[in-house]
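The values are calculated or read from the model by the stated rules, or taken from the named source; none is laboratory data. These figures come from a predicted structure and were not determined experimentally. With ideal geometry, Cβ positions are generated from the backbone for all residues, glycine too; neighbour counts draw on all protein chains shown.
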Amino acid sequence: MSLFFRLSSFFFFYFALVAIYIVFLPKILIGLNYSTFQVGFIFSLGPLMRFFIPFFFLKRVKLDKNIFYFGLFLTIISATLFYFTIQNFYYFIIPNIILGVAFGLILPFVETYALGFLKKERFGRSRLYGSLGFMLCGIILARNLQSYAVGLKFFLAITLLLIIFGISIASHGTKSIVSWGKITEKFSFKRVLFFWISIFFIQVSFGFFYNFFTIYEASHGVSLGTISYLWAFSIICEIALFYFQAPLFKKIDLLTLIKFAISSTIIRWMLLYLFPSSLMVLYISQSLHAFGFALHHTAAISYLYLVYQDKKLASQFYYGISFGLGGFTGSLLAGYLYGENLFLYAALIAFLSLIFLSFQRNFKHL
């Protein structure tokens, strides 16, 4: 079993898990009489944990195989606790905190080695299997979600498969994948400060989308089945870009690609705000996910790969600052601001991301 296959399979099941969590769990919680603020709070916990986790790795802890195994263990604990806590808002806080810690450990570990082994030209082709897992899980579960128990069974089953492939990657011998050499520099946010601020704001805007898109569209008369197809379509576009994006990275500098991705996201949120019930416009807006997520993700993580010697720590802080602190802030804001103007606010926040990135100099000029 090749390392490419192991990495691709891990991405497949990891993002299938994410699909259940962000596409269907909000709807499930609303059905269990959670308020929109409670939903926003629950979904802010995981990102908050992902923000704090990297700080433990500055001096105290090393992101190695043992920590990765611990992250996998926490994932199965969280999935199990979901069964016993989901009907109580306060109890349900606990497994979501645990899951946030787990996600803060396992994905940076795998993605750093994937990028080191495959390089940025082939990284997208492995990562696209994550998008495929997200899409297929969304379509299958939309047709079988008769109760919250069904969703939890899917969550537990996919967690077990994720652990199997996670162990297979670590047992392959990660030292043979890539060697970073001795790290001599001190990690500093100031080196690319405006970049860090930019990725924070863009993920704040995505917090509005990930946690409330399903609820928002359902409130405008779009069926859950159609919403699942909208999610799937965005992932198809994402997969296509992951597969064909390699030439872009050879011809265009990374910061320019990131600016383009953010601009497409601003347009996307404005389309959702202006035309929330138009299926044609909804599909157009979802197609922009290819740039707003796939292109932005690969360009951003590749940029950090160039800037910092400690690439694992840079990857952890990438997830911590963006999907962590940004996702936490976005979840809380979205829960508080939820209403007709939800995606107008998201567009304004994404515009802040573009403004800050415009102040960032390219790495070659640093």
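Would you pick out the residues in region 324-348 that are surrounded by fewer than 24 Cβ atoms within 10 Å (Cβ to Cβ) and under 20 Å from residue 263 (Cα atoms)?
Once the filter is applied, which keeps residues that are surrounded by fewer than 24 Cβ atoms within 10 Å (Cβ to Cβ) and under 20 Å from residue 263 (Cα atoms), region 324-348 yields 341, 342, 344, 345, 347, 348.
Among the numbered criteria (1) crowded, with 18+ Cβ neighbours inside 10 Å; (2) more than 18 Å from the chain's Cα centre (by Cα); (3) of a type in the set (D, E, K, R), which single criterion is violated by residue 50?
It is condition (2) that residue 50 fails.
One line per residue, one yes/no per condition, for (1) within 20 Å of residue 346 (Cα to Cα); (2) in a helix (DSSP H, G or I); (3) touching a residue at least 40 places away in the same chain (Cβ under 8 Å); (4) not hydrophobic (A, V, I, L, M, F, W, C):
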site	(1), (2), (3), (4)
205	yes, yes, yes, yes
210	yes, yes, yes, yes
218	yes, yes, yes, no
225	no, yes, yes, yes
260	yes, yes, no, no
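Which of the following residues is of a type in the set (Phe, Trp, Tyr), within 27 Å of residue 39 (Cα to Cα) and modelled with pLDDT under 80: 113, 148, 83?
Working: 113 fails: within 27 Å of residue 39 (Cα to Cα); 83 fails: modelled with pLDDT under 80.
Exactly one residue qualifies, and that residue is 148.
If residue 240 satisfies all but one of (1) closer than 27 Å to residue 303 by Cβ; (2) buried (at least 20 other Cβ atoms within 10 Å of the Cβ); (3) under 19 Å from the mean Cα position of the chain (by Cα), what's the number of the condition it fails?
Just one mismatch for residue 240, condition (2).
From 71, 116, 104, grab the single residue that is touching a residue at least 24 places away in the same chain (Cβ under 8 Å) and under 24 Å from residue 333 (Cα atoms).
Going through 71, 116, 104 in turn, the sole match is 104.
Would you be able to tell me the number of residues in region 277-307 that are surrounded by fewer than 20 Cβ atoms within 10 Å (Cβ to Cβ) and either assigned to a loop (DSSP other than H, G, I, E, B) or aromatic (Phe, Trp, Tyr) (or both)?
Summing the residues that are surrounded by fewer than 20 Cβ atoms within 10 Å (Cβ to Cβ) and either assigned to a loop (DSSP other than H, G, I, E, B) or aromatic (Phe, Trp, Tyr) (or both) in region 277-307 gives 4.
Residue by residue, here is whether (1) of a type outside the set (Val, Ile, Thr); (2) crowded, with 22+ Cβ neighbours inside 10 Å; (3) under 19 Å from residue 328 (Cβ atoms) holds:
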residue: 13; (1), (2), (3): yes, yes, no
residue: 16; (1), (2), (3): yes, yes, no
residue: 91; (1), (2), (3): yes, no, no
residue: 99; (1), (2), (3): yes, yes, yes
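Any idea how many residues of region 22-45 are within 20 Å of the chain's Cα centre (by Cα) and at pLDDT 85 or above?
4
Among the numbered conditions (1) crowded, with 16+ Cβ neighbours inside 10 Å; (2) farther than 26 Å from residue 233 by Cβ; (3) modelled with pLDDT under 90, tell me where residue 155 comes up short.
(2)
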